[in-house]
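Structure first, commentary second.
The values are calculated or read from the model by the stated rules, or taken from the named source; none is laboratory data. Note that this is a predicted model, so its numbers are computed, not measured. All Cβ positions, glycine included, derive from the backbone under ideal geometry; neighbour counts span all protein chains shown.
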Amino acid sequence: MAQPYPTEFSPEIGFAAIAASRFGYGARPGQLSAISADPAGWVMSQISGRPEPSPGLDALAGSPAKAAALIDAHASGPGAVRAHRRAVQAAFEREARTHVAHTLASKAPVRERLVRFWCNFFGITATDPRSMSLAYAFEREVVRPHLTGSYTKLLTHAVRHPAMLLAFENSGSFGQYSPAGLGSGSGLNAALAQHIVTRLTVADETAHTDRDIVELTKMLTGWSVAGPAEPNAGTFVFREELHQPQGKFFLNRAYPSAGALEAEAALDALTRREPTARNLAARLARYILSDAPAEDVVDSMIDGYAGGGNSLRGLVQGLVDAPGAWTPVQAKAKSPEDLVLSVARALDYGPDRAGVALRSMRALGQAPKQAPLVAGWPDLDAAWTAPQQVVERAQWVAAAAAEGIQALGTTAVPDFALSILGPLVTARTYRRLSVTRDRAEALGLLFASPEFQRR
């Protein structure tokens, strides 16, 4: 039998519930007590120091072999491309399951959420045949090692990665006055430069001009991927014969001709711009807090970013330091991926449930690494809360509850609700759970409640 609804909660337990639900994927049963000792510290500790060991992820193939195989297939004709895509599909399924298993086993859910934010931010997706085989390698090689350092370093690693260079077809971009361009005109491809300027950095149309995109495109000429017959196949290579010589004028500053260093300097300049800091802060705040985060929260994040020297850890610290990040109002709906992982943590599932979790994410419309090309998954509630989607979520949580009720043992569902959500559970929801006689139905009601569906 459930205990009466508590007459009061300690402030620490309230902040612990917010920390677990808003910044991570929710608490495992009984975890709130430990988090309550230092909720903000619990968040920040997960992005301090080295990442967790990940033998499963480390065992997966790296991008050099994948990129070389992709280039070789396209050079060998349609039959080779079709065979390559079949092989990639099988490998992709193994990678998807391994990555979900890692998240289910992780003791750092905040870090895992940030990994997903940055992967979506960069727009590398398996829906694009050019980057399907590389999408998970991009996460392992770029995002996971660099998500708490400087944004300059993260962005530079991202742009140099074969997933980015191949997805945006920069490998064949060449300047009019390069050795490759003499006599044949310009072969500039502005796709990567456009993506960097308008999505990954300043974004605001008033903070750049069309000329800036053209100049960055020229700076990026020669940034390519080594083919299978070249040394270090499948890795970054700078091709001098494709690079547009002469100086460039970018963001109101002259840059002398310097080969590959030109684009590196441009990326450094972009990451130091205030509009870039504001773009990063606003988008991360939308991901964590609400569709319309308060300006003081965004400003705190900008200060943390700039104060740490373009620091991504500082960006998160600024968010955690903002009082507005700790309001008890749950203003953000969980995406399907977040919902599935939250249910898994609540039921204390481990990595052996990765296949089930992966199928659930796909059934609810958010297959990992299969976001719309370039734009990524939407970060506004309306994308996940249409009437039909709400019905599908309710049906899914009911089925998940029916299957998972045994994980509660003899614990009453209302008590279980308090153990994972603390004071976020309202007295009204608690009473409803208490009078529902069927335990599986009660658990389904909990998972369908606003307190669980929102953060």
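For LEU192, which of the numbered conditions (1) touching a residue at least 40 places away in the same chain (Cβ under 8 Å); (2) within 15 Å of ALA263 (Cα to Cα) fails to hold?
The failed condition is (1).
Just one of ASP268, ASP321 is touching a residue at least 12 places away in the same chain (Cβ under 8 Å) and over 30 Å from LEU220 (Cβ atoms); which is it? Steps first, please.
Values: ASP268 fails: over 30 Å from LEU220 (Cβ atoms).
Step by step, each of ASP268, ASP321 is checked, and only ASP321 is touching a residue at least 12 places away in the same chain (Cβ under 8 Å) and over 30 Å from LEU220 (Cβ atoms).
Scan segment 400-412 and tell me whether some residue there is of a type in the set (A, V, I, L, M), outside any helix (DSSP H, G or I) and assigned by TED's automatic domain parsing to the domain that holds ALA448.
Yes; the residues of segment 400-412 include at least one that is of a type in the set (A, V, I, L, M), outside any helix (DSSP H, G or I) and assigned by TED's automatic domain parsing to the domain that holds ALA448.
Taking the conditions exactly as written (touching a residue at least 24 places away in the same chain (Cβ under 8 Å), assigned to a helix (DSSP H, G or I) and either farther than 22 Å from MET132 by Cα or of a type in the set (A, V, I, L, M) (or both)), does ALA354 satisfy them or not?
Working: touching a residue at least 24 places away in the same chain (Cβ under 8 Å): yes; assigned to a helix (DSSP H, G or I): yes; either farther than 22 Å from MET132 by Cα or of a type in the set (A, V, I, L, M) (or both): yes.
Yes; evaluated as a whole, the condition is true for this residue.
Report those helices (runs of 4 or more DSSP H) wholly inside segment 97-166 carrying at least 2 residues which are of a type in the set (Gly, Ala, Ser) and in contact with a helix residue (DSSP H, G or I) (Cβ under 9 Å, 6 or more places away or on another chain).
135-138
Looking for whichever is polar (S, T, N, Q), crowded, with 19+ Cβ neighbours inside 10 Å, closer than 25 Å to ARG97 by Cβ and without any contact (Cβ under 8 Å) to a residue 40 or more places away in the chain here; the options are GLN366, GLN406, GLN395. Which one fits?
GLN366
Checking the conditions here, which among ALA61, ALA2 is farther than 16 Å from TYR136 by Cβ and surrounded by fewer than 19 Cβ atoms within 10 Å (Cβ to Cβ)?
Details: ALA61 fails: farther than 16 Å from TYR136 by Cβ.
On inspection, the qualifying residue turns out to be ALA2.
Condition first: loosely packed, with under 14 Cβ neighbours inside 10 Å and within 21 Å of HIS74 (Cβ to Cβ). Can you find one or more residues in segment 215-229 that meet it?
yes
Which of the following residues is surrounded by 15 or more Cβ atoms within 10 Å (Cβ to Cβ) and not in a helix (DSSP H, G or I): ALA371, ALA375?
Values: ALA375 fails: surrounded by 15 or more Cβ atoms within 10 Å (Cβ to Cβ).
Testing whether each residue is surrounded by 15 or more Cβ atoms within 10 Å (Cβ to Cβ) and not in a helix (DSSP H, G or I) leaves just ALA371.
Going through segment 311-362 one residue at a time, which ones are farther than 25 Å from SER300 by Cα and either of a type in the set (Val, Ile, Thr) or touching a Cys at 6+ places or on another chain (Cβ under 8 Å) (or both)? Break it down stepwise before answering.
Let us first name the residues in segment 311-362 that are farther than 25 Å from SER300 by Cα, namely 335-362.
Once the filter is applied, which keeps residues that are farther than 25 Å from SER300 by Cα and either of a type in the set (Val, Ile, Thr) or touching a Cys at 6+ places or on another chain (Cβ under 8 Å) (or both), segment 311-362 yields VAL340, VAL343, VAL356.
Of all residues being in contact with a helix residue (DSSP H, G or I) (Cβ under 6 Å, 6 or more places away or on another chain) and small (Gly, Ala, Ser) in segment 21-48, which is farthest from VAL343 (Cα to Cα)? Just the residue, please.
Here the answer is ALA40.
Of all residues in segment 271-307, which are free of Cβ contacts under 8 Å to residues at least 40 places away in the same chain and acidic (Asp, Glu)?
Residues satisfying the conditions are GLU274, GLU295, ASP296, ASP299, ASP303.
Specify which of the listed residues (ALA254, ALA292, ALA260, ALA226) is at pLDDT 95 or above, farther than 24 Å from PHE168 by Cα and in contact with a strand residue (DSSP E or B) (Cβ under 8 Å, 6 or more places away or on another chain).
ALA254
Please give the number of the condition ALA83 fails out of (1) modelled with pLDDT under 95; (2) under 30 Å from VAL320 (Cβ atoms).
(2)
Assess whether GLN389 counts as being farther than 30 Å from PHE122 by Cβ and outside any loop (DSSP other than H, G, I, E, B). Before you say what the answer is, go through the steps one by one.
Details: farther than 30 Å from PHE122 by Cβ: no; outside any loop (DSSP other than H, G, I, E, B): yes.
No, not satisfied.
Given the structure, is THR411 without any contact (Cβ under 8 Å) to a residue 40 or more places away in the chain and among the β-branched types (Val, Ile, Thr)?
no
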